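Written below as structure tokens is the structure these notes are about.
The values are calculated or read from the model by the stated rules, or taken from the named source; none is laboratory data. Note that this is a predicted model, so its numbers are computed, not measured. All Cβ positions, glycine included, derive from the backbone under ideal geometry; neighbour counts span all protein chains shown. Surface areas here come from the heavy atoms of the whole protein model, side chains and all, with no ligands, DNA or RNA. Shrake-Rupley method; radii C 1.70, N 1.55, O 1.52, S 1.80 Å.
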Amino acid sequence: MKPRRLLWQLYFPYVLVTLACLSVVTWHASSSLRRFHGEQASADLSVRAQLIREQVAPRLSQNRMDSIPALCHDLALLAHARVTVILSDGRVIGDSDEDPLKMENHAARPEFIDAIRAGEGVSQRYSHTLQSDMLYHALALPATGEPRAVVRAAIPLITIEEGLSHIYANVLLTALGAAIFAAVMSLFISRRITHPLEEIKRGAERFARGDFGTQLRIPNSIEIGALAEALNQMAVQLEDRIRTVVRQRNELEAVFSSMVEGVLAVDKERRLIGLNRAAARLLGVDYEDALGRKVEEVITHEDLTRVLTHSLSSEDTVEGDVRLGHPEERFLQAHGTVLRDARGITIGAMMVLEDVTRLRRLEQIRRDFVANVSHELRTPITSIKGFVETLLDGEVHDPESTQRFLQIIAKQSDRLNAIITDLLALSKIERDEEQETLDLETIHLRDVLELAVQTCEGAASEKEISIQLECDREMELRANPLLLEQAVVNLVDNAIKYSDPGKKIRVVACANGGWRQIRVEDQGCGIAREHLPRLFERFYRVDKARSRSLGGTGLGLAIVKHIAQAHQGRVSVESALGLGSVFTLHLPNR
Ligand code: ADP
């Protein structure tokens, strides 16, 4: 059944009950009135008949029959009734409305028969004489003893009906007025009942929309008031719970989005139901766009979708290594587990993606480094071994060759020593850098730079290269003096090695905000642009043969880089082939 408004559910029954009651009361009142009015009219006619009998009696006893018709007329005018006098044999001797001679014998009239028999007769019937319904009241004359005649008074029924219709009209009008009043009052009362309920309904709708700002007004009715109070309480609890849920969700989202690992979750239909920013970034997908879509539409990498598919059907954690080609090369480690709800029913799967690119690259660097070290060491060792074996074989007899071989062995041993010294220095600096255990002190920069220049002075003068130092005496820096000196020595040493004789080298120190810059400028061979990005890698050399012949280990610039990093600084290079190079140490003055 179609639901209807409570207002009309209350209003229409009210009106119907009121109308039914009114109808019953009106009907009962009308019928009582009709009965009462009929009895009144009958009693009234009886009184009039008695009065007429009193007037007719003396005329009849004196046998003055001729005067009776006129008397009937007079009495009829006075009594407002038809007056008839009938002899006991039924002959009419007087009638107010008709000529008695023309009237038939009335012996058969029921009121006449009753009056002769019992002294009084009443009847309601159609009058053939007057051709209308009449109420008759007949009395025997004389009242006691043998009746000589019957006196009859009659009134048309229509006059009684007219009186009644008038009363009926009044009753109906009053009933109609009462019905209209009842209808209006019913509407008013129904509204009074339903209005607070509608207010509560509007309030509940507000609560449903999440608007808990306005509390419900408590109506002046115990039941509806209790309902409003219960709803207000519910709203307070609901708001509290929603706030808790939102806070927990925000916390969870914050944890999710700040996670370095990528996390994504799918439902049983393999639709993405959760994805954090790290996952979106790792997979190169749009975070907003991906949610709700099938995992195959978002992740095109088969290995990843395979881990998810396995996770959905597996009890254990599923693992997989994935190499992503784009947007950039990345190595991911994926862990997939099935997701269950509180009852233990599978609702989907989730996958955690760990970016192990850096780890893999470090492993690669370590592998390369081991290969490089082995290679660097093998050359001098092979050389030493070869010459030593030749000498041991005793086939070299002339002292000159022996001397030359021994010099080569000594040179290669120096080379081995240089490589190992540099490697040890590098590893120590790296350890200090990692553990941040570098000993720092406030130094006068110029002192350190002077020491470095002095160390290189010998090699420079051999090639007639002049070194010019420009540094303010007062310039201070918090640094490890020995390491800083070593870095500058390495740079100046390189500048000497890769410059032609007679060239100039400048060592310049300057302050730039909270930073100190130490520049080593040369006019040497310069470095081609393509070598610059890798120049500071271990064992990287532009020209291997030249470097070796100059006694280079290929570790000098790597040491400089790590010394700069151990001081929270960096090293940069600018160079142009044939024009020279500028190496700059940028160190913070902490
Ligand atoms: P090496 O022991 O070979 O000098 P480094 O790590 O000090 O190793 O330098 C790496 C390479 O960078 C060198 O082999 C050389 O090719 C290049 N290089 C370094 N400094 C200079 C410079 N001042 N001018 C030109 N090339 C340089």
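At a glance:
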item	result
Span from the segment 415-459 Cα centroid across to the segment 294-329 one, whole angstrom	48
Karplus-derived HN-Hα couplings along segment 402-416 (A = 6.51, B = -1.76, C = 1.60, θ = phi - 60°), whole Hz, x at Gly and Pro	4, 4, 4, 4, 5, 5, 4, 4, 5, 5, 5, 5, 4, 4, 4
Residue order for Glu146, Glu302, Glu111 - accessible surface, 1.4 angstrom probe, largest first	Glu146, Glu302, Glu111
C-alpha long axis of helix 6-61 to longest principal axis of the chain, angle in °	10
Percent accessible area from carbon and sulfur atoms, segment 118-235, protein chains only, probe 1.4 Å	61
Solvent-accessible surface (1.4 angstrom probe) belonging to Ser313, in square angstrom, nearest 10	100
Gap separating the Cα centres of segment 338-379 and segment 382-412, nearest whole Å	49
Sequence-distant residues sharing a close amide H with Val356 (under 5 Å, placed H)	Phe331, Leu332, Gln333
Amide H partners (placed H, <5 Å) of Arg293, local residues excluded	Leu272
Angle in degrees between helix 357-393 and the longest Cα principal axis of the chain, rounded to the nearest 10	10
At q = 0.06, 0.07 Å⁻¹, base-10 log of I(q)/I(0) for the chain (Debye sum, equal scatterers on each alpha carbon)	-0.70, -0.80
Per-residue ³J(HN,Hα) for segment 258-275, Karplus 6.51 cos²θ - 1.76 cosθ + 1.60, θ = phi - 60°, Hz, x for Gly and Pro	8, 5, 6, 6, x, 10, 9, 10, 10, 8, 5, 7, 6, 8, 6, 10, x, 7
Under the Karplus curve 6.51 cos²θ - 1.76 cosθ + 1.60, θ = phi - 60°, whole-Hz ³J(HN,Hα) for segment 88-98, x wherever Gly or Pro sits	4, 8, x, 6, 8, 10, x, 8, 5, 10, 8
Placed amide H near Leu469: partners under 5 Å, 5+ positions off or other chain	Val507
Under-12-angstrom lysine pairs by C-alpha in the chain, whenever the two are 8 or more apart or on separate chains	4
For Trp8, solvent-accessible area (1.4 Å; no DNA, RNA or ligand), Å²	90
Net charge of Cβ neighbours under 13 Å - reference Val285; Lys, Arg +1; Asp, Glu -1	-1
